[in-house]
Every structure is written in C-alpha cells, then in structure tokens.
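Input: a single structure, listed below in structure tokens.
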Amino acid sequence: MPARLIGVDVRQDLILAPVNKVHHVHTITRVAEMLGEDEDWLCDVATEMDQEDGLIWVYGPGDTSVMAFTDFGIETLAGLVEIYEGRPSST
C-alpha cells in the first residue's frame, strides 16, 4: 500500500495551462447581419484581425471553415468598420 501524504500540496509541481473563458462565438454571417454590413466586405476587413483580436476559425468536415468572433471580436471588427467607412467612433 502506497504511503499517503497528509497536508502536502501535490499540485506544486504541476504547470496549469490558462483556461479559455470563451463560451460562445458568432459566425461572420450573423455578425454581418448584426452590423448591417455586406458579409464578403466584412470578411475582407476582418483579415486584419488575429486571434488576440477575437477572431476564431471554426473548422467543419473536410475543408470547410467559417470565420467567427467572440464578443470582443465583434467590438474590434465594428471599430475597423468605422475606420474603413470613415465614420467617427461612437466612444
């Protein structure tokens, strides 16, 4: 029978990876509807974004994939839309 460690934190040598807090995303189609923009044009604008900006690629069967955005990603994309359209920021 192995010895039991009482009162010892056995997790001290574990390296814990950060936990992703994203629990939902919106597809590019839905975001285009939400922002009232053309989906193809919005895809072009979103190519400037990275994962840190809230852009996520969702992969399906075969070679299918779709661009999706976190809530922060939608805010970032909306800001880029304002820049591209020359509108002043609402903030």
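The values are calculated or read from the model by the stated rules, or taken from the named source; none is laboratory data. Small disclaimer: the values here were computed from a predicted structure and weren't measured. Here the Cβ is made from the backbone with ideal geometry for all residues, glycine too, and neighbour counts use every protein chain on show.
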Going through segment 19-41 one residue at a time, which ones are in contact with a strand residue (DSSP E or B) (Cβ under 9 Å, 6 or more places away or on another chain) and of a type outside the set (Val, Ile, Thr)? His26, Arg30, Met34
Determine the pairs where a residue that is under 12 Å from Gly73 (Cα atoms) and in a loop (DSSP other than H, G, I, E, B), located within segment 22-50, has a partner that is small (Gly, Ala, Ser) and modelled with pLDDT of 95 or more with Cβ atoms under 8 Å apart, the partner being 6 or more residues away or on another chain. Val25/Ala68; Val25/Gly73; Met49/Gly73
Going through segment 25-44 one residue at a time, which ones are crowded, with 16+ Cβ neighbours inside 10 Å, within 13 Å of Leu80 (Cα to Cα) and not aliphatic (A, V, I, L, M)? Glu37
Residues of segment 59-70 satisfying the condition of being surrounded by 12 or more Cβ atoms within 10 Å (Cβ to Cβ) and modelled with pLDDT under 95: none
